[in-house]
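The values are calculated or read from the model by the stated rules, or taken from the named source; none is laboratory data. Please read all numbers here as calculations on a predicted model, not as lab measurements. Positions of Cβ are generated from backbone atoms using ideal geometry, with glycine treated the same way; all protein chains shown enter the neighbour counts.
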Amino acid sequence: MENSPIEPITFDKTSFFIKRDDLLHPHFGGNKARKLHYILNNRFDIEKIVSYGSMQSNAMYSLSFLAKKRGWEFEYYCRINENLLKNPTGNLKAALKNRMVLKDISLWPYTPPKELDVLSTLLIEKERMVVPEGGRFKEAAFGIKRLADEIIGWAETSGVNPTVVLPSGTGTTALFLQKFLPFRVKTVACVKGEEYLKRQFFALEKDERHHPQILVPSKKFTFAKPYKELLHIYNRLKEESGIEFELIYDTVAFFTLLEKKEIKKDMLYIHQGGIVGNESMLQRYKAKFGKIS
Ligand SMILES: *Cc1c(COP(=O)(O)O)cnc(C)c1O
């Protein structure tokens, strides 16, 4: 994979920088491509990838792409929503096209998902590789190290001493970035708030000095739920910058950055892709609010 570009961008009348990880690859861009880098680029004697999570997850889609590329089967356990399955869109549609096999989570035959969370590592048993939900495993560090090296190279040539900002789900990306970068990393908690994110950080790194700074929105957004304020941010970002951002993480991140006045000229924001998921989110927005712009 080539390096992704870093470009200037203007939003809310402020110019800053954006790392276009959304452009890494048309079908395999962004956060999950970085985290799955290790799996994509090493030899494994397996026939199947197994994972679990939500039915619209970005990780699910990225794993389906990876499995197809490596010629492995992909089995994904989730709570199956029959209505979604009848009319798949976004990540689900794309993953099914990549021949993902869906299974009900109650049939999960491996280590219980909870325990896997504690392990935070890839599990290879027999011909299968079990990948923890959302790509939260220690080996994700390989791809994130590369992202960090790209940022360091850019900082050296541009002379910018950036504050690196990104939204967090599991916090894996933000944590390893802070570990590998000599710059300050700030991350917006988009899933379940600050306590949850701290626990995630500690599961991967005991030394708190390597933890990123956490920003929390004043409003409690339920993860992946449509909100008028967030749609407004999505539309504003697109209009003012000309770039499409992702509706679940980026919108919460910019909502928070705006209210905390954190958008500054030395900010380097990581656009972590996930645009494929916008299709299904925009449908939900339309269903809830009627119009979307
Ligand atoms: C998965 C994902 C995240 C969250 O990444 P973590 O490493 O789990 O914090 C953020 N943005 C996008 C677009 C994602 O797909």
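Can you say whether Leu36 is assigned by TED's automatic domain parsing to the domain that holds Asp104 and free of Cβ contacts under 8 Å to residues at least 40 places away in the same chain, as far as the supplied structure shows?
Values: assigned by TED's automatic domain parsing to the domain that holds Asp104: yes; free of Cβ contacts under 8 Å to residues at least 40 places away in the same chain: no.
Here the answer is no, as Leu36 does not meet what is asked.
Restricted to the range 119-166, and to residues there that are of a type in the set (Gly, Ala, Ser) and buried (at least 17 other Cβ atoms within 10 Å of the Cβ), the residue that is farthest from Phe223 (Cα to Cα) is Ala155.
Residue-wise test of (1) assigned by TED's automatic domain parsing to the domain that holds Glu240; (2) of a type outside the set (A, V, I, L, M).
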{"residue": "Asp21", "(1), (2)": "yes, yes"}
{"residue": "Gln56", "(1), (2)": "no, yes"}
{"residue": "Leu66", "(1), (2)": "no, no"}
{"residue": "Trp72", "(1), (2)": "no, yes"}
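For Glu127, are the conditions met, namely being modelled with pLDDT under 95 and either away from the ligand (no atom under 13 Å from the Cβ) or out of contact with any Leu (no Cβ under 7 Å at 6 or more places or on another chain) (or both)? Spell out how you get there, then give the answer.
Values: modelled with pLDDT under 95: yes; either away from the ligand (no atom under 13 Å from the Cβ) or out of contact with any Leu (no Cβ under 7 Å at 6 or more places or on another chain) (or both): yes.
Judged against the criteria, Glu127 is a match.
I need the full set of residues from the range 8-24 which are farther than 11 Å from His271 by Cα and not β-branched (Val, Ile, Thr), in order please. Pro8, Phe11, Asp12, Lys13, Ser15, Phe16 - these are the residues of the range 8-24 that are farther than 11 Å from His271 by Cα and not β-branched (Val, Ile, Thr).
Give the range 259-277 a look and list any residue that's closer than 19 Å to Thr222 by Cα and surrounded by fewer than 19 Cβ atoms within 10 Å (Cβ to Cβ), or say none.
Restricting attention to the range 259-277, the residues satisfying the condition of being closer than 19 Å to Thr222 by Cα are 259, 274, 277.
Within the range 259-277, just Glu259 meets the criteria.
Taking the conditions (1) part of a helix (DSSP H, G or I); (2) farther than 24 Å from Asn3 by Cα in turn, Thr121 satisfies each one other than (1). Checking each residue in the range 231-276 for being touching a helix residue (DSSP H, G or I) at 6+ places or on another chain (Cβ under 9 Å), in a helix (DSSP H, G or I) and free of Cβ contacts under 8 Å to residues at least 40 places away in the same chain picks out His232, Ile233, Tyr234, Thr251, Phe255. Could you run through the range 222-252 and say how many residues are surrounded by fewer than 20 Cβ atoms within 10 Å (Cβ to Cβ) and more than 15 Å from Ile292 (Cα to Cα)? Residues that pass the stated criteria total 7.
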